[in-house]
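Coordinate-derived values only; no laboratory data. For clarity, every value in this text was computed on a predicted model and none was experimentally measured. Backbone-built Cβ (ideal geometry, glycine too); neighbour counts: all protein chains shown.
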2 protein chains.
Amino acid sequence: MKTMTKVKGASALPLNQIMGGDCVEVMNSLPENSVDLVFADPPYNLQLKGDLHRPDNSKVDAVDDAWDQFSSFAAYDRFTRDWLKAARRILKPNGAIWVIGSYHNVFRMGAELQNQGFWILNDVVWRKSNPMPNFRGKRLTNAHETLIWASKQEASKYTFNYEALKSLNEGVQMRSDWVLPICTGHERLKDENGDKAHPTQKPESLLHRIMVATTNPGDVVLDPFFGTGTTGAVAKKLGREFIGIEREEAYRQVATKRIEKVRKFDKESLVVSASKRSEPRVPFGQLVERGMLRPGEVLTSLNQRYSAKVRADGTLVANDVKGSIHQVGAALEGAPSCNGWTYWCFKREGKTVPIDLLRQQIRAEMTERPN
Amino acid sequence: MKTMTKVKGASALPLNQIMGGDCVEVMNSLPENSVDLVFADPPYNLQLKGDLHRPDNSKVDAVDDAWDQFSSFAAYDRFTRDWLKAARRILKPNGAIWVIGSYHNVFRMGAELQNQGFWILNDVVWRKSNPMPNFRGKRLTNAHETLIWASKQEASKYTFNYEALKSLNEGVQMRSDWVLPICTGHERLKDENGDKAHPTQKPESLLHRIMVATTNPGDVVLDPFFGTGTTGAVAKKLGREFIGIEREEAYRQVATKRIEKVRKFDKESLVVSASKRSEPRVPFGQLVERGMLRPGEVLTSLNQRYSAKVRADGTLVANDVKGSIHQVGAALEGAPSCNGWTYWCFKREGKTVPIDLLRQQIRAEMTERPN
DNA sequence: CGTACAGTTGAATCAAGCC
DNA sequence: TGGCTTGATTCAACTGTAC
């Protein structure tokens, strides 16, 4: 499973491995412009003070690990600046980053992302379906965490599997608020004492959605705060390559064992719905060439207001306007643009049908018998 | 309605008025430590570029006003620093602030709040039930905005009406994600041409919840970006005092007219509006009346530890405790509160099921046949 | 007086490829 | 890098008119 891949003649990329040490140093040792996605779940800088007890007086096992202690906002900002800078260097120009945090740290991360030139695409709310209640009744139940999705730069052509996410959401656009349960039950890793192995283990469903949305199979996903390896486990399942960095030896061991057990899904189940743009392009003229529309035939607009005549070269004429199906539609509507395929209709057996139906027929044939 | 109130011998406070001019200057003219709550909806610094058209080629009426133009992040940060500093000076030591923003500006506001010594209590997600879709299918539908609730300092004894919020949320703790519709329909103020009077008018339901949660009647609420006066309208309804600051004369006029028309709720209707629930309330007694549960039937707790007997009047008895399903559950568990709907279970055909199932059945019926 | 249907709209950092 | 061509893309709620 472990592999070393050459990247454009640069130094090797340690795929599907968990590296020890400081994440900034490790990232700086990797070649620049080599990673497709960074997912980062850095320490939240919680600054908890006393112990917290539940109404039944049991103690809440809160995050009080040494790695979550920062002396000041300035120290946390330095830390954030350093690891984000290192992450940005190794990202491909069209790469993207996801960070997750709570109100303790996410505002500082978001501001620093913008300062460094990352381009924020969405902030996403992970709405926990089963959050910890607020035992003291002094605030609102803190029932969500915030993720930020940003491309390396404004001009990046980032990956977004729009149709796949739409499918995940019963056929309507995926929103920026995601309802997912926190990590519990069998998924929650325990140590030999039965205590949770890591205080902030993220659910695999969250990483699953992120990777389906913003990576393709074979992409390299780097996680600089690997913890118990949720990113690696999901990457392996989904046929992505991962690079993990984790300072704590104990976490590396847990993660290694965990990922070994994971099986990759079969290829078929990994295929996601493609965007319409990736479908083969069909010139309108082909409909005339094939005899699906006759030269001289009259098309009508979807709103019935206009009509235009088909010419032998695949252009339309209406009054004094002529040109492509898109140009003529736009001109008649006085609109800046127009999708002629869904705008123009023809008549068959008394019914009025958009010409896009004919394009779909051609595409179907192309799929059955490629060339 | 307009009044001037002396504050501990300091200069006067211009209550229930809309002041013109720059909000920093106006705030600096007010006495320090004099305001209970600041609500601020500052420009979001959207930096939009070209026009955006819908699939039907209609143009999206986006925010392109001069007041939302900043030359850089640095300029926006200066602006944020200045108005937050002025707001903090006039806040009482136990005062608090709410700010609202999107991913364009909220990270910068959140970081600056922390830098100035405000103590963040919650970040709250306003999940829009009817957001604008993403027309190009290039990102997630931006379906939420973020609010930050912070006290003036860590030591502040801020106001939080825990029980009122709990009532608003069907008897369970209010979470940090609020589902509310955007401002449309009759609530949306129009100008003489029928266009929206202000591009970013907030719904009154949002301000209603904020003021019920974090102010008491008679408190002074200041809004430095008053716009069309949603804060003032809701404050008047709820018996709070407001101070508005708005630079644009046109908005001040609209807001003045709007607030004149608002009538303060009488005490009784205040109670009603405070207990408004999104789903119809079903009293436990109705389950008994309807024969879904028999008097004398024994309910068991979710954890199997306790049992209680149903009485004809819709109360429970267990050992020496009697009362509502919530009270008895809380008493037995030694907990401050208990959601009896999910805590108590009954048996049907050998299975143990929470009584909430029965409530859901009733609600479903109510939806089918209102009344 | 309801119901059905067509039309409108909301804080948006919103295209991609070729020459 | 800029201009031109092609052509991809929408959900929920409210409003007004027709029936």
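Taking amide H as placed 1.01 Å from N in the peptide plane, B:Trp344 has its amide H under 5 Å from the amide H of B:Ile355, each at least 5 places away in sequence or on another chain. For the peptides A:27-35, B:48-56, residues were scored by their other Cβ atoms within 10 Å and the scores averaged per peptide; the highest-first order is A:27-35, B:48-56. Counting only the Cα atoms, the protein assembly as shown fills a convex hull of 236 Å³ per residue. Each helix, a run of at least 4 DSSP H residues, gives -39500 (n - 2.57); summed and divided by the residues of the protein assembly as shown, these come to -8500 deg cm²/dmol at 222 nm.
Among beta bridges identified by DSSP and lying wholly in the protein assembly as shown, the antiparallel ones come to about 65 percent.
Just for chain A, what percent of DSSP beta bridges are antiparallel, to the closest 5?
Antiparallel: roughly 65 percent of the beta bridges in chain A.
Each DSSP beta bridge with both residues in the range B:1-148 is either parallel or antiparallel, and the antiparallel ones are about 70%. Between the alpha-carbon centres of the range B:155-176 and the range B:53-110 there is a gap of 27 Å.
Per the Debye calculation on chain A with a single equal scatterer at every Cα and no solvent contribution, log₁₀ I(q)/I(0) for q = 0.06, 0.09 Å⁻¹ amounts to -0.34, -0.66. Shape index of the range A:76-218: Rg/Rh, with Rg the Cα radius of gyration and Rh the Kirkwood radius from the inverse mean 1/r over Cα pairs, equals 0.99.
In plain terms, if you count all Cα to Cα distances in the range A:284-368 and split them into 5 Å steps from zero, the share in each step is 3, 15, 28, 26, 17, 8, 2, 1, 0 percent. For A:Lys347, the lysines whose Cα comes closer than 20 Å to its Cα, not counting residues fewer than 8 places off in the same chain, are A:Lys309.
Checking the table A:Lys138/B:Lys237; A:Lys267/B:Lys138; A:Lys157/B:Lys202; A:Lys322/A:Lys351; A:Lys190/B:Lys138 against a 31 Å threshold on Cα-Cα, which pairs fail?
The answer is A:Lys157/B:Lys202; A:Lys190/B:Lys138.
For the range A:55-111, state the semi-axes of the equivalent ellipsoid (square roots of 5 times the eigenvalues of the alpha-carbon gyration tensor), sorted largest first and rounded to whole angstrom.
30, 14, 10
Judged by the gyration tensor of its Cα atoms, with axes a ≥ b ≥ c, the range A:167-254 is oblate; a/c meets the 1.5 cut and b/c is at least as large as a/b. Across the identical copies, the label point of A:Asp64 (7 Å from Cα in the Cβ direction) is separated from its matches by 5.7 nm, in order from shortest. The packing ranking of peptides B:92-98, B:140-146, A:74-80, highest mean first, is B:140-146, B:92-98, A:74-80, where packing means the average number of other beta carbon atoms within 10 angstrom of each residue. Shielding value for A:167-177 is 5, the average number of Cβ atoms from other chains within 10 Å of each residue's Cβ.
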